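See structure below.
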Amino acid sequence: MAKGLEERVLGLLRGGKLVRKGDRVLVSVSGGKDSAVAAWVLAKRAGELGIDVGLLHIDLGIPGYSEESRAAVEALRERLDAPLHVHEIEKEWGLALPEIARKLKKAPCHVCGTLKRYYQNVLAKELGYNVLATGHNLDDSVGFIVNNFITGQVKQTHKISPLLPETELTSRKIKPLFWIQGRETEGYATEKGIPFTRCSCPFQKQSPTHVIREAFDRVEELRPGAKKSFVKNVLRALPGKGETTSPSACELCGAPTSGKVCTVCRMKKRLWAGGFQLGQQ
Ligand code: SF4
Ligand code: ZN
């Protein structure tokens, strides 16, 4: 009989050395099913794994969607009895995500991804968590790989791994659901009564990655196991998979970056150059 989701996740956590005794793990929770399941398994098994678990929610300020997401995260926090750290984009920037994207003339998902990665990295360190866990699943890996090949960012693909070791500026990054499909997390979350929102972000339909994931769902129906073998074969073919280059500190904010100034500081500079002041509505 095929192993259940929880057993497979625990197998990866232990076998892949994603977590070790004494780790402080911050799980980035969006309010959706995947990160809720990742947080659930880590928190419910925290005792036997010897870890402490906290939750991080980045409130994007997307009308309708963000309120629902925040409510689901609060309900999850109550069920898991874990500390919850919330970072509100609008409080810091004076603008919610859709307006930031509009003013920068960038796709909302591009800005969203950049801001989420930035605050996950910075807050995990600031709050004293040596591990950052996300709800990325097999479908996300498929979307990431295909999108990188479409956009010519093939080099980025080597970053794909269930574990990226910590560096001086970043916590260890883990993806407990690396080999789990989205439809499996939905089934598990429903069965266990895990709080999550089914409300979709209004920008989801504009995301090419979302369309790629839908297409691969159809391929998987025709050929079960297709997603897993696709990711496995790409990983096998890539030299230096899972390798990270040590980031340097942003000259302006100290956050990890591959250049001199991080993308978020450059975004802020562009907004200010357009006459915008932080805190201005
Ligand atoms: Fe962010 Fe795009 Fe996902 Fe919405 S669909 S939460 S904007 S990445
Ligand atoms: Zn910076």
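Observations
- Pick from segment 73-93, criterion in contact (Cβ under 8 Å) with a residue 40 or more places away in the chain, part of a helix (DSSP H, G or I) and of a type in the set (A, V, I, L, M), ranking: surrounded by the fewest Cβ atoms within 10 Å (Cβ to Cβ): 75
- Residue pairs meeting the criteria (Cβ under 7 Å; at least 6 apart or on separate chains; first free of Cβ contacts under 8 Å to residues at least 24 places away in the same chain and under 13 Å from residue 61 (Cβ atoms), in segment 94-117; second outside any loop (DSSP other than H, G, I, E, B) and within 8 Å of ligand 1 (Cβ to nearest atom)): 101/108; 101/111
- Within segment 37-72, the set of residues being farther than 19 Å from residue 129 by Cα and assigned to a helix (DSSP H, G or I) comprises 37, 65, 66, 67, 68, 69, 70, 71, 72.
- Checking residue 183 against (1) modelled with pLDDT under 95; (2) assigned to a loop (DSSP other than H, G, I, E, B); (3) under 21 Å from residue 35 (Cβ atoms); (4) not aliphatic (A, V, I, L, M), the condition it does not meet: (2)
- Flag for residue 14 being of a type in the set (D, E, K, R), at pLDDT 95 or above and surrounded by 17 or more Cβ atoms within 10 Å (Cβ to Cβ): no
- Condition broken by residue 140, with the remaining ones in (1) within 30 Å of residue 22 (Cβ to Cβ); (2) buried (at least 21 other Cβ atoms within 10 Å of the Cβ); (3) out of contact with any strand residue (DSSP E or B) (no Cβ under 6 Å at 6 or more places or on another chain) satisfied: (2)
- Segment 180-194, subset of a type in the set (Gly, Ala, Ser) and surrounded by fewer than 15 Cβ atoms within 10 Å (Cβ to Cβ), residue nearest to residue 75 (Cα to Cα): 193
- The sole residue among 219, 234 that is modelled with pLDDT under 95, away from ligand 1 (no atom under 16 Å from the Cβ) and farther than 22 Å from residue 90 by Cα is 234.
The values are calculated or read from the model by the stated rules, or taken from the named source; none is laboratory data. Here the structure is a predicted model, which is why all the values come from computation and not from measurement. Note: ideal-geometry Cβ built from the backbone for every residue, glycine included; neighbour counts use all protein chains shown.
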